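Structure first, commentary second.
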Amino acid sequence: MSAPVVTAPTPVPNGHIDAATLRNATLDIPAWPADNVQGPSGALRFRDGEVVLDEQQVPSGQPPHAAVILILSVTYGDVDGDGSDETIAVVGCLIEGGAKQVIAFDRDASGKIVTLGRITGTTGTVRDIRDDSPRVARDGLVTVRVGDYQRCCADRTPQIWQKRGYRWRNGAFEQVSGPTRMPAGTHVTETRLTTSGVKLTTGDDGYRYGTLSVQVEHLWGAHPEKLALSFGLPAGVERSGSGWPAVTKAGDGFTVTVDGPPAGATATYRFAFRQRNVTTPGELTVDESASPLISEAIPWNNTVTAKF
């Protein structure tokens, strides 16, 4: 009788990638959230922990393009239960602030660094991740501290922080513990400003006349009772009619204060303008902010440009 054949167990790849190696590797970066600072994804070659990007201009009201992608922190733990550590990194797509992702990296059987998956990222009401917060428990639970607002420069807006837990299940990470929603708070709001162009009709007094409609939608967070709308006008354009709110001059433009939209709803505001027939049509800009000021969770969707 022949002896049974003993098959050696397949060795588990070591996913514990030291920080220096990770910071100088080609990494497969998942796509950045659509509602945050944008940058390239896919296979990116890092040098000393960064990928420097060329400057790109984007239309008004759209997420800006990043200047750099950075590896912000690295930690380790066995997240998939294979008996070997994986590498957990916080990666930022940044200007001064910007988008962040917590990503798990591993090695395949050949030793190549591969991306296991994105654990979480800054999207929706989650606008920041503490760089040094990811921790991996012995049972593979990954905990991360997420915030409702991302400070920049000298900003001291109070932030709400939550501890959330994620686990590798069925080929992806899913949240399994901690809060799933951000409370409204009183220091952070999210409103969005939109508008269409101004169609001018010619009068018999040497002017063209038109009405600008702007819409402000309150999406989440604190509810602004009042809004400050600031206008920048092209040459030859001026206010028309008597239905304007009180106007405050500021430099080359002016500001009006209006009632804010209902909580979770949209309000439309209409303003009349005129332009001399001899003037070339141009562009008008509108900025909106809460009055008194409340910090905006997403800072780039509060300015629009309207064509005449």
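The values are calculated or read from the model by the stated rules, or taken from the named source; none is laboratory data. Every value quoted in this text rests on a predicted model; they were computed, and no experiment measured them. Neighbour counts run over all protein chains shown; Cβ positions are idealised from the backbone, glycine included. Surface areas here come from the heavy atoms of the whole protein model, side chains and all, with no ligands, DNA or RNA. Shrake-Rupley method; radii C 1.70, N 1.55, O 1.52, S 1.80 Å.
A 28 angstrom limit on the alpha carbon distance is what I want to check against. Which of Lys100/Lys163; Lys199/Lys249; Lys249/Lys307; Lys100/Lys226 exceed it? From the list (Lys100/Lys163; Lys199/Lys249; Lys249/Lys307; Lys100/Lys226), the Cα-Cα distance tops 28 Å for Lys100/Lys226. Figure note: Leu212, Leu293 ranked by solvent-accessible area, largest first, 1.4 Å probe, ligands and nucleic acids not counted: Leu293, Leu212. Along the chain, the exposed loop sites are GluC sites (Glu not before Pro) outside DSSP states H, G, I, E and B with at most 12 other Cβ atoms within 10 Å, and the longest stretch free of them is 97-224.
Rolling a 1.4 Å probe over the protein heavy atoms of the stretch 147-246, with every protein chain left in place, gives an accessible area that is 47 percent carbon and sulfur. Evaluate E = 1/(1 + (r/R0)^6) for Thr305 and Ser242, where r is the Cβ-Cβ distance and R0 equals 41 Å; express this FRET efficiency to the nearest 0.05. Working from the Cβ atoms, E equals 0.95. Rg and Dmax of the chain, both derived from C-alpha coordinates alone, stand at 25.7, 112 Å.
Our note on the geometry: Cα centres of the stretch 208-276 and the stretch 55-125, 40 Å apart. Loop sites by DSSP among the trypsin sites (Lys or Arg not before Pro) of the chain, restricted to those with at most 14 other Cβ atoms within 10 angstrom, leave 1-111 as the longest stretch without any of them. Please give the contour-minus-distance gain from Ala250 to Lys226: 0.36 nm per residue of separation, less the Cα-Cα distance, rounded to one decimal in nm. Answer, rounded to one decimal: 6.8 nm.
Expressed as a whole percent, the accessible area of the stretch 22-62 that falls on carbon and sulfur atoms is 43 (1.4 Å probe). For the stretch 104-175, the solvent-accessible area works out to 50 Å² per residue, with a probe of 1.4 Å and every protein chain left in place.
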